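A short write-up of the structure that comes next.
The values are calculated or read from the model by the stated rules, or taken from the named source; none is laboratory data. Small disclaimer: the values here were computed from a predicted structure and weren't measured. We place every Cβ from the backbone using ideal geometry, glycine too, and count neighbours over all the protein chains shown. Surface accessibility is based on the protein's heavy atoms, side chains included, excluding ligands, DNA and RNA. Shrake-Rupley method; radii C 1.70, N 1.55, O 1.52, S 1.80 Å.
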Amino acid sequence: MEEKIISYGFCLILFIFMIVSIFSNDKVISFTERRKLASSPELIIDRNVNMDYFKELDKYLIDQFPLRDELRKVKAMVSYNLLNKMDNNKIFIEGDKVFQLNPVINRKAVVNFTEKLQMIKDKYLNNNNRIYYSIIPDKNYYLEDKVYPKLDYDDFINTVKLNLNSSFNYIDITNTLALDSYYNTDIHWKQESLNKVAKALVTGMKLDFVDDKLEVNEYKGFYGSLYGQSALNLKPDVINYLTNSILDAVKVYNYEKNKYEGIYTTEYLKNIDAYDVFLSGATPLLVLDNETQTNGKELVIFRDSFTSSLAPLLISSYSKITLVDLRYISTELVADKVAFIDADILFLYSVPIINNSFILK
């Protein structure tokens, strides 16, 4: 009798979930996971049978499952609290900070990264002897707890160095950062913690660093990318973005939108990713013009998303900074729009991007 009750109860739960799923409106975006959710697939597309229909249907049903976020939280709590697992889907919590396990060096990707830089140098920068690079460590670098496995960063950085020739000048920024330089719930660094980074880079490129006074603007309620992946109720971060009269006057030309913008797009604080407030988020090609700086110095940064919050702290030292994100634009297209000869060249990439460099075009 007891087995029948359990079986009937289980069937009733499945039936209720099915009814709720049928009559519920599909969600377009998961704000906790910060991604678009799968939509209902079509069996027939342009009079042809969709051969991936059942694969897409499976993904759709998983994404649109009722109480998905609540069930993810239950799973995470069981993993951490009942099963005493160190991580849940490669996410672990230490204090009030969220980390992502990624302890393996992808040597093919690291070598591919150096080959990409060497190709750019040989093809476009042969007449430029001011070529620099730096590596942004992820926040695991500064985690002193030895319980969790982490990347051999010395090996990682040395692999990059050994595969680049002497034309590339390395600038070490690892000692300018600390664990608190990064958001608790996100992979990125905090802009208010980057003054030492900016100074190390500018002076490393043989230029005087302009250290302006900056005003702090605060936005509470930043839920970073690792917050959603943790599936736990964690305290949100605070985003601080720094301004002054010089930064307010900087003109930012966005090639993708074909228009000028400001350094900060404050309405993006309400986006799924509030980090987009810095230089409008993911953008292939940007040019920052600082008419208050008359030294005529130009800087081209091949970069990832970390530079979005760093570039405002560099612009006071330069008349012009060009930001190139090779995740979204090819080097060939950039070469048609950017003059490399008279500029300082900085390749500034984070460890996760270098370790997954095949995404670069």
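If we keep just the residues of the stretch 236-261 that are in contact (Cβ under 8 Å) with a residue 24 or more places away in the chain and among the aliphatic types (A, V, I, L, M), which is farthest from residue 328 (Cα to Cα)?
Step by step, filter the stretch 236-261, then rank; the result is 246.
Among the residues of the stretch 291-313, what is the count of those that are in a helix (DSSP H, G or I), touching a helix residue (DSSP H, G or I) at 6+ places or on another chain (Cβ under 7 Å) and either under 24 Å from residue 361 (Cα atoms) or of a type in the set (A, V, I, L, M) (or both)?
So the answer is 3.
For the stretch 105-121, give me each residue that is assigned to a helix (DSSP H, G or I), open to solvent by 10 Å² or more (accessible area, probe 1.4 Å) and either touching a Cys at 6+ places or on another chain (Cβ under 6 Å) or among the hydrophobic types (A, V, I, L, M, F, W, C) (or both).
The answer is 111, 119.
When the stretch 236-272 is examined, which residues are found to be assigned to a loop (DSSP other than H, G, I, E, B), open to solvent by 30 Å² or more (accessible area, probe 1.4 Å), at pLDDT 90 or above and not aromatic (Phe, Trp, Tyr)?
236, 256, 257, 258, 262
Consider only pairs whose beta carbons are under 9 Å apart and that are at least six residues apart or on different chains; among these, list those whose first residue lies in the stretch 144-172 and is touching a residue at least 60 places away in the same chain (Cβ under 8 Å) and whose second residue is open to solvent by less than 50 Å² (accessible area, probe 1.4 Å) and basic (Lys, Arg).
As it stands, the answer is 168/121, since those pairs meet every condition given.
For residue 329, work out the one condition from (1) open to solvent by 10 Å² or more (accessible area, probe 1.4 Å); (2) within 19 Å of residue 106 (Cα to Cα) it doesn't fulfil.
With (1) open to solvent by 10 Å² or more (accessible area, probe 1.4 Å); (2) within 19 Å of residue 106 (Cα to Cα) applied to residue 329, the lone miss is (2).
Being open to solvent by 30 Å² or more (accessible area, probe 1.4 Å) and in a strand (DSSP E or B) is the filter here, so list the residues in the stretch 273-290 that pass it.
289
From the set of residues in the stretch 123-154 that are of a type in the set (Asp, Glu) and open to solvent by 80 Å² or more (accessible area, probe 1.4 Å), which is farthest from residue 342 (Cα to Cα)?
144
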